[in-house]
Amino acid sequence: MAQRAEDRAGSQAGRVVLALACAAQFMVVLDISVVNVALPSVQRALGFADGSQQWVVNAYALAFAGFLLLGGRLADLVGRRRALVLGLLLFSGASLAGGLANSAELLVTARAAQGLGAAVLAPATLTVLTTTFPEGPRRTRALATWTAVGMAGGTAGNLLGGVLTEYLSWRSILLINVPVGVVAVLLAKRYLPGAPEKGRGRPLDVAGAVLSTGGLAALTFGIDQARTHSWATASTALLGGFAALAAFLVVEARFAQEPLIPLRLFRLRAVSVGNVAMLLAGAGLNPMWYFLTLYMQQSLHYSPLETGLGFLPHTVLTIVVTARLAPWLVDRVGSRALIVTGALIAAAGFWWQGQITADSGYLPGILGPAIVFSLGSGLLNTPLTATVTAGISAADAGAASGLMNTTKQFGGALGLAVLVSLTASDLTTPQALAAQYGSAFRTIAAVLVVVAAAALALPAPRDRRAP
């Protein structure tokens, strides 16, 4: 009787921890895109110069990407609860400051602070899950739910941003984070262990933090410049970013007492090969939303609201497959087989999507391909996330989480920049634009075939070894 009561209490605590991690991850991903629809209103309200309002988006992206490795390691050095609470407080406080901002400069600064909070928060949520749930079916189900909620946040951003801006104010898209953050802090203090954890109090790798943050921020800025201008314009930032990251690897290998990324992690094939597959998957799957949005609005002439509603089947199907079907299949066929299968199914869906024309209706041009590639991506994401975080000791869980988030973030940014540069032209007719977007989708299909090939090099579950 006492054992059953203890099991029920542990199960309830696990559900609360999962809900907490998912809520925090939803906020982080949502705020990447939620401001897009509100930018014209923000420009009018705060007097942004033409073009400069994009820094409301870029400030968040630069800080988020730049500090991810550091944010991931903080959970190992100061404790999971402390890192999660710190990220929540910083993110919520910056949201409050941004929602009350009365100048363009203050809003951009608040968005950068939000990005810093997100860089601490995103890897902390994953670390909490991987250290709360032991490897096996329970962890797989928890990671599936976490991944599905993150996808929902990414796809809901534009729709929610439009609704809040139209019926309340652009300020509400930031202020809504404050009550959610307060509740999450209270839950974290109540349900996450606060006792001293092994590894707390170790020195922070300051040199590694400066080099990785500067290098990642420079690469992110360079990729954004390549997407919006040209690769030649971005070359200085890109070269500087690569040089800083090369110096970072030297520091981590030779000088750091407690490196941000222990290079011993890369001895695990699940980590080294898995993060390559994650980079390529992000480069293929993330840009899909950008090109489908343009296709629906420029070729099919959908309104912004119609476009947002047009994405609902993608969102619902991906969430259902990711959260329900994928964990069940992982237990029966294994992660590696499911990653390969999911990548190939998604590739088939994107190849179908690549056949679009300006005359394609919603059913054959959007919904049909969406069913196929959403099924594939849903099958792919959960086992890939579980694979790159498997076999990691608790002391390195934060570092591994930060690495995975960084890989995924940069994969998406790099894929979008490359695809935009490949399809950029002065064509304006709906037919020509549809042909360009079709070319982008066929390229994504090819990338996902490469993901399937890379996944074949992942270890089978019985071959995993702790670092």
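The values are calculated or read from the model by the stated rules, or taken from the named source; none is laboratory data. Fair warning: this is a prediction, and the values are worked out from it, not measured in the lab. Here Cβ is always computed from backbone atoms with ideal geometry, including for glycine, and neighbour counts include all displayed protein chains.
Among the residues of region 410-455, none is identified as of a type in the set (S, T, N, Q) and buried (at least 23 other Cβ atoms within 10 Å of the Cβ). Report whether or not Arg171 is basic (Lys, Arg) and surrounded by fewer than 19 Cβ atoms within 10 Å (Cβ to Cβ). It is false that Arg171 is basic (Lys, Arg) and surrounded by fewer than 19 Cβ atoms within 10 Å (Cβ to Cβ). Of all the listed residues (Glu258, Glu306), the sole one being among the acidic types (Asp, Glu), out of contact with any strand residue (DSSP E or B) (no Cβ under 7 Å at 6 or more places or on another chain) and within 30 Å of Leu458 (Cα to Cα) is Glu258. Among the residues making up region 352-404, those that are farther than 26 Å from Pro193 by Cβ and of a type in the set (A, V, I, L, M) are Ile356, Ala358, Leu363, Ile366, Leu367, Ala370, Ile371, Val372, Leu375, Leu379, Leu380, Leu384.
Considering only region 364-467, give the helices (runs of 4 or more DSSP H) lying wholly within it that have at least 2 residues that are modelled with pLDDT under 80 and closer than 30 Å to Pro259 by Cβ. Quick ask: steps written out before the conclusion?
Working: elements: 368-388, 397-423, 430-455.
Helices (runs of 4 or more DSSP H) meeting the threshold: 397-423.
Scan region 296-307 and give yes if some residue there is within 24 Å of Val372 (Cα to Cα), out of contact with any Asp or Glu (no Cβ under 8 Å at 6 or more places or on another chain), part of a helix (DSSP H, G or I) and of a type in the set (Val, Ile, Thr), otherwise no. For region 296-307, residues within 24 Å of Val372 (Cα to Cα), out of contact with any Asp or Glu (no Cβ under 8 Å at 6 or more places or on another chain), part of a helix (DSSP H, G or I) and of a type in the set (Val, Ile, Thr): present. The set of residues in region 370-398 being in contact (Cβ under 8 Å) with a residue 40 or more places away in the chain and farther than 21 Å from Gly136 by Cα consists of Ala370, Ile371, Phe373, Ser374, Leu375, Gly376, Ser377. The residue list Leu90, Leu62 contains one member that is in a helix (DSSP H, G or I), in contact (Cβ under 8 Å) with a residue 12 or more places away in the chain and more than 17 Å from the chain's Cα centre (by Cα), which is Leu90.
Identify all residues within region 350-363 that are part of a helix (DSSP H, G or I) and in contact with a Pro (Cβ under 9 Å, 6 or more places away or on another chain); write none if there are none. Can you show your working first?
So the first thing to find is which residues in region 350-363 are part of a helix (DSSP H, G or I), and the list is 350-353, 362-363.
Residues satisfying the conditions are Phe350, Trp351, Trp352, Gln353.
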